[in-house]
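Here's the structure, in structure tokens; my notes come after.
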Amino acid sequence: MSLYSEKVMDHFKHPRNVGVIENADGVGEVGNAKCGDIMKIYLKIDDGIISDVKFETFGCGSAIASSSMATELIKGKPLSDALSLTNKAVAEALDGLPAYKMHCSVLAEEAIKAAILDYYTKNHLPYDESLFRESSCAHCADKPE
């Protein structure tokens, strides 16, 4: 049995939505160079809908697959749906990740939330602070920058 699902391998070998959105409405970057995974998410938002999303990820195959899947799950969706996306939903959509790679899905969730927070801040929009928490990726938090 393979360590990674076919979906993980597909999103790693053929990632969706890779790139940069110039003049993005929201940009979020999370991760830690010491842990080896850094994700940057770019959002284009039209009338509260994510009309385009791109990512750049420096990291392992699970990090790239998590970024790719997360962007697929939020593209074309309202911001409220993107804010409710959990790392568990990303991992489930990939048909699972090994336990020691779950932090990659946590980073994907956090990068999306960071990009949305950037959008709210840039546009002086009110938001519920409880939706945006400090990094919960214990894997990255254990590594000094």
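The values are calculated or read from the model by the stated rules, or taken from the named source; none is laboratory data. Computed from a prediction, not measured in an experiment: that's the story for all the values here. Quick reminder, even Gly has a Cβ in these numbers, built from the backbone with ideal geometry, and neighbours come from all protein chains shown.
Brief remarks on what is shown
So that you can scan it fast, the table gives a plain yes or no per residue for (1) outside any loop (DSSP other than H, G, I, E, B); (2) more than 16 Å from the chain's Cα centre (by Cα); (3) among the small types (G, A, S); (4) over 16 Å from S62 (Cβ atoms):
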position	(1), (2), (3), (4)
K7	yes, yes, no, no
F12	yes, no, no, no
N23	no, yes, no, yes
V27	yes, no, no, yes
I41	yes, no, no, yes
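- Checklist (1) more than 25 Å from E22 (Cβ to Cβ); (2) in a helix (DSSP H, G or I); (3) modelled with pLDDT of 95 or more applied to T71, failing item: (1)
- Any hit, the range 17-26, residues being in contact with a Ser or Thr (Cβ under 7 Å, 6 or more places away or on another chain) and either buried (at least 21 other Cβ atoms within 10 Å of the Cβ) or free of Cβ contacts under 8 Å to residues at least 60 places away in the same chain (or both): yes
- Hey, D95 within 15 Å of V8 (Cα to Cα) and either over 10 Å from the mean Cα position of the chain (by Cα) or not in a helix (DSSP H, G or I) (or both) or not: yes
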